[in-house]
Amino acid sequence: MELKDYQQTALDTLDAYLEQLTLERARSEQIAKLAVAKPSLGLIVPDYPTEAWKTLKEVGRLPEARKPINYSTRTDGIGQTVPNVCLKIPTENLGGNSGGVESSRTILCQQHGLCSMDRSQ
């Protein structure tokens, strides 16, 4: 299935965010290890999803409607930050097939090691 330009643009933006999330998560994990090893440094572990969002905003990769909006941080039960993204891509009409978009989203997410096939998690 051939994706429309706006669908491809949305997926490209998602890919850029996932790539930046991967980089920021690795950086955050390194800082967390150093914070544990050397508590006297008083290091604060960065909120990596927020940092990824800020980077995309700085380089102009966010959609126009999202540029003025700050990232909304989510945390899990033990207070660790958890990435959160909502992807809404319209199909041609109400009966349109979004399978190509969903397949692409799943592939991108898995390539960056940020999601699993098990949706019960």
Filter on Lys54/Lys88; Lys4/Lys54; Lys33/Lys57 - keep pairs with C-alpha separation over 23 Å: Lys4/Lys54; Lys33/Lys57
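Quick one: which of 29-42, 2-15 comes out on top by average Cβ neighbours within 10 Å, and what's the full order, highest first?
On the way: 29-42: 11.0, 2-15: 14.5.
Averaged packing, sorted descending, gives the order 2-15, 29-42.
Every number in this text was worked out from the coordinates using simple rules, so none of it is lab data. All figures in this text were calculated on a predicted structure; none of them were measured in a lab. Don't worry about glycine lacking a Cβ; one is built from the backbone with ideal geometry, like all the others, and counts go over all protein chains shown.
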